[in-house]
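Asker: Have a look at this one.
Readers should treat all values here as calculations from the given coordinates under stated rules, not as data from a laboratory. Being a predicted model, the structure only gives us computed values, none of them experimental. FYI the Cβ positions are ideal-geometry reconstructions off the backbone, even for glycines, and counts take in every protein chain you see.
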Amino acid sequence: MNAQLSAVGNKGFTLLELLVTVSIAAILLAVGVPSYVTFIDNNRVTSQANDLLYSFNMARSEATKRGAEVRVVSVGGSNWNAGWRVVADTNNDTDYDDPDDILMQWDALDGGSLAIAATNSPIDTYVAFNARGSLSPSNASFIFTLEPADCDAIDSRIISIQPNGRSSVSRGDCS
């Protein structure tokens, strides 16, 4: 009778079973965590590229809706890493510096860098859309390159804006 009671009372894991389970979990975590980090970083870069693309599409749409020039302006001058905003001259005072002129604003980039290459544009601190939705000046074009902090594992994003005002995003190699 004592043998039956002791067999029923021992319900649990042995030390060996516990060690095998913990080591299998450790191996799975060691394999999975680096790819998860790459996944998160890739999504962050994609999200930032989509934010920039959205701001250009919004500025173009607002320009045609308002029938006036709307700009995407860098917060940090030529340094687009500091963030950007969509502005319109809402009070017709011929400047875009009033707080009421800001339609939307994006914060600084979270890791990585954003470089701009402007063609036929006198300035690289803003991108202007005219009332027809085209770039101003009409022969200008812009290429923004968003490079992630870990450029070995993640592709860069290239946001291009054509003279007609259409913008697109594509993947590129890190340089």
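Asker: May I ask for the angle, rounded to the nearest 10°, between helix 15-66 and the longest principal axis of the chain, with both axes built from Cα atoms and the value confined to 0 to 90°?
Answerer: Roughly 10 degrees, rounded to the nearest 10.
Asker: Here's something else I'd like to know. Normalising by the residue count of region 1-151, find the relative contact order in percent from Cα pairs under 8 Å and 6+ residues apart.
Answerer: Values: 196 pairs, mean separation 31.5, N = 151.
That works out to 21 percent.
Asker: Set the Förster distance to 35 Å, then compute FRET efficiency between Lys65 and Asn42 from the Cβ-Cβ distance, nearest 0.05.
Answerer: After rounding, the FRET efficiency stands at 0.55.
Asker: To the nearest 500 deg cm²/dmol, what mean residue ellipticity at 222 nm is calculated for the chain from DSSP H runs of n ≥ 4 alone, each contributing -39,500 (n - 2.57), summed and divided by the residues?
Answerer: The helix contribution divided over the chain gives -12500 deg cm²/dmol.
Asker: Let me know the charge dipole size of the chain about its Cα centre in debye, to the nearest 20, where only the beta-carbon of Lys, Arg (+1) and Asp, Glu (-1) is charged.
Answerer: 700
Asker: Would you kindly calculate the mean projected area, averaged across all directions, of the convex hull enclosing the Cα atoms of the chain, in square nanometres?
Answerer: Dividing the Cα hull surface by four gives the mean projection, 16.3 nm².
Asker: By average Cβ neighbour count within 10 Å, what is the ranking of 96-109, 39-52 from highest down? Each step should come with its number before you reach the end.
Answerer: Numbers: 96-109: 13.9, 39-52: 16.0.
Highest mean packing first, the order is 39-52, 96-109.
Asker: Taking the Cα-to-Cβ direction at Asn50 and at Asn81 and moving 7 Å from each Cα, how far apart do the two end points lie in nm?
Answerer: With each label point 7 Å from Cα toward Cβ, the separation is 2.5 nm.
Asker: What is the calculated FRET efficiency for Ser168 to Ala30, with r their C-beta to C-beta distance and R₀ = 25 Å, to the nearest 0.05?
Answerer: Numbers: r = 39 Å, r/R0 = 1.55.
My answer for the efficiency is 0.05.
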